[in-house]
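So the structure is just underneath, and the comments pick up after that.
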Amino acid sequence: MTTPGKPGRPNTNWERTFLAAFAETGNVTKAAAKAKVSRAHVYRTRLADPTFAEAYEEARQVAVMALESEAFDRALNGVTRWGMHEGKRFKVMQEYDNRVLTFLLAAHAPERYRENYQPPPTKGGDPTFMLPADVIAPSFLDAYDDIKARAHTEYVFHGGRGSTKSSFISLVIPWLLGHHPDMHALVMRQVKDTLRDSVYSQLVWAVNELGLEDQFKFTVSPLEITYVPTGQKIYFRGGDEPGKLKSIKPAFGYIGILWLEELDQFHGPEAVRNIEQSAIRGGDEAYIFKSFNPPRSAASWANKYVQIPKASQFRHKSTYLELGSRVRWLGQVFVDEAEHLKEINPTAYEHEYLGVANGTGGLVFENVQLRAIPDAEVAQFDRVLHGLDFGYYPDPAAYNRVHYDAARMTLYIFAEYRAHKQSNRDLYDALVARGLTPEDLLIADSAEPKSIGDLRDYGASSRGAEKGPESVKYSMKWLQSLRAIVIDPVRCPETAQEFLDYELEQDKDGNFISAYPDRNNHQIDAVRYACNLIWRRRGQ
């Protein structure tokens with residue numbers, strides 16, 4: 001063993017530099033940067049080289065000793081706070097605040113400083129496969145301890161945007177595979193087409209963050225991740241294809257890890273129970289993770305679900321505010337957007353960023369205001385947008401003209417057109433009669449490329465809306481986040497009626513689910529298309 005202050009027996013220059021910096025700071029990221037290597041490279045080397053692993057641990061202990069010394073000094077002597085008055089420096093107070101150091105000590109030496117600490121299981125699997133303290137947000141340390149202690153079967157993580165709950169789960173799943181060589185994992189969202197760009201990408205990130213990319217194989221056809229040393233699999237399925245769950249047959253072991261991301265999107269508690277019963281078969285131990293941002297409506301089934309105690313369930317609510325200094329993970333743009341929304345629309349901020357279910361019933365748009373929009377006001381609009389939802393019969397063609405005030409996050413809807421059994425030529429003529437010009441960009445339903453082409457031939461500047469698996473959800477949430485949607489009920493009676501009546505879907509038991517019905521929403525779709533280029537750029 002080496003003596004404190006001279007950690008490790010490094011083999012290369014970068015290792016010596018890293019170990020010295022790590023012993024001084026206790027921070028892997030800073031030490032890796034000083035050694036000019038990635039954090040992933042450090043973790044890979046630690047797994048592959050027992051000598052470096054031993055030196056790493058010794059450097060960590062040196063850092064812990066320094067933290068302990070500083071903690072004791074502050075506990076005994078405090079920290080002097082100084083002020084200035086008329087150019088002279090004077091002592092304000094002796095401050096005793098050890099919260100940051102307490103957290104650092106708990107992260108680096110949990111066996112001594114963290115309450116209810118349980119050592120990681122070592123029966124089977126790879127005991128060196130562990131989660132570094134600096135990749136877990138402080139608010140999730142209690143959840144990590146609970147998982148290591150095998151204290152619960154079900155873990156429900158809910159909270160606001162940017163709380164890192166999905167990041168935490170994605171880090172835990174590879175860790176669980178490493179400690180349970182007979183387990184496989186199944187990751188699900190309600191819509192299968194959303195898997196690759198969300199949870200699959202999230203798990204690829206987690207494996208790379210842990211420096212384990214050389215030990216995992218990633219494939220997109222079929223969509224799955226394989227832990228190469230054992231052959232364990234992470235499968236991906238959509239809740240919209242429940243019949244395919246029973247077709248998953250691991251070559252060995254059993255599916256003992258299940259992650260339901262965006263829980264509120266699944267079609268109610270019965271549908272979730274059916275998934276659990278189909279997926280978790282065999283074995284005496286299982287880990288079921290459920291994560292979601294609470295829907296606005298307090299009547300949503302998912303919001304009700306977390307209010308009912310369950311002995312086998314661990315519930316955890318989090319927000320980005322609990323990240324502390326680690327909010328840098330989200331970037332300054334995220335923080336600026338949150339603060340801006342907090343200032344101009346506190347209700348939307350509470351819902352989106354703090355995870356507060358501050359709506360009632362299943363009404364989707366609680367920010368609608370009906371009032372006259374006079375010609376003089378319309379004349380001042382300088383950001384006029386046009387949207388068109390194609391239809392014939394029984395669905396109508398629906399058009400809206402709107403203005404978006406970005407500074408006030410307010411949408412004004414002041415013109416509409418609606419017709420059945422109308423040819424594209426007649427539809428175009430009707431819109432021209434209502435003021436549409438060749439200079440106006442008309443964004444229409446991209447599912448009708450021939451109709452869009454017809455409108456262009458007639459003289460319209462028409463294009464299809466940019467869509468994707470999440471486009472309906474994202475655009476609806478953007479409309480909900482606005483300070484106000486102002487609709488002139490005289491100019492736009494159909495639009496006003498749709499926005500006032502539009503409610504979330506319900507399951508067969510009458511519970512609201514986080515799904516937007518595709519009915520009685522023709523003007524709403526036209527408004528979404530009109531604003532397509534705005535909500536695709538996060539409201540700018």
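The values are calculated or read from the model by the stated rules, or taken from the named source; none is laboratory data. All values reported here derive from a predicted model rather than from experimental measurement. Here Cβ is always computed from backbone atoms with ideal geometry, including for glycine, and neighbour counts include all displayed protein chains.
Of everything in segment 347-365 that's assigned to a loop (DSSP other than H, G, I, E, B) and modelled with pLDDT under 85, which residue is farthest from residue 505 (Cα to Cα)? Lay out the reasoning, then the answer.
Let us first name the residues in segment 347-365 that are assigned to a loop (DSSP other than H, G, I, E, B), namely 355-358, 360-362, 364-365.
Imposing the further condition that a residue be modelled with pLDDT under 85 reduces the set to 358, 360-362.
Working: 358: 18, 360: 14, 361: 11, 362: 8 Å.
Within segment 347-365, the match that is farthest from residue 505 (Cα to Cα) is 358.
Quick check: anything in segment 379-389 more than 30 Å from residue 437 (Cβ to Cβ) and surrounded by fewer than 20 Cβ atoms within 10 Å (Cβ to Cβ)? Talk me through it step by step, then tell me what you get.
Here is the first cut: in segment 379-389, the ones more than 30 Å from residue 437 (Cβ to Cβ) are none.
Checked segment 379-389: no residue is more than 30 Å from residue 437 (Cβ to Cβ) and surrounded by fewer than 20 Cβ atoms within 10 Å (Cβ to Cβ).
Only residues that are closer than 21 Å to residue 373 by Cβ, in contact (Cβ under 8 Å) with a residue 60 or more places away in the chain and surrounded by fewer than 22 Cβ atoms within 10 Å (Cβ to Cβ) were counted in segment 494-521, giving 4.
Of the residues making up segment 300-346, those that are at pLDDT 85 or above, surrounded by 14 or more Cβ atoms within 10 Å (Cβ to Cβ) and either assigned by TED's automatic domain parsing to the domain that holds residue 285 or not basic (Lys, Arg) (or both) number 24. Consider segment 461-487 and keep the residues that are of a type outside the set (Gly, Ala, Ser) and in a strand (DSSP E or B). The one that is surrounded by the most Cβ atoms within 10 Å (Cβ to Cβ) is 487.
Checked against the criteria, residue 194 does not count as closer than 23 Å to residue 47 by Cβ and surrounded by fewer than 22 Cβ atoms within 10 Å (Cβ to Cβ). Within segment 214-221, at least one residue is over 26 Å from the mean Cα position of the chain (by Cα) and surrounded by fewer than 16 Cβ atoms within 10 Å (Cβ to Cβ). Here residue 401 meets each of (1) assigned by TED's automatic domain parsing to the domain that holds residue 474; (2) surrounded by fewer than 16 Cβ atoms within 10 Å (Cβ to Cβ); (3) not in a loop (DSSP other than H, G, I, E, B) with one exception, condition (2).
Would you pick out the residues in segment 406-460 that are in a helix (DSSP H, G or I) and aromatic (Phe, Trp, Tyr)?
Within segment 406-460, 428, 458 meet the criteria.
For segment 412-443, the set of residues classified as more than 17 Å from residue 391 (Cβ to Cβ) and in contact (Cβ under 8 Å) with a residue 40 or more places away in the chain consists of 412, 413, 414, 415, 436, 440, 441, listed by residue number.
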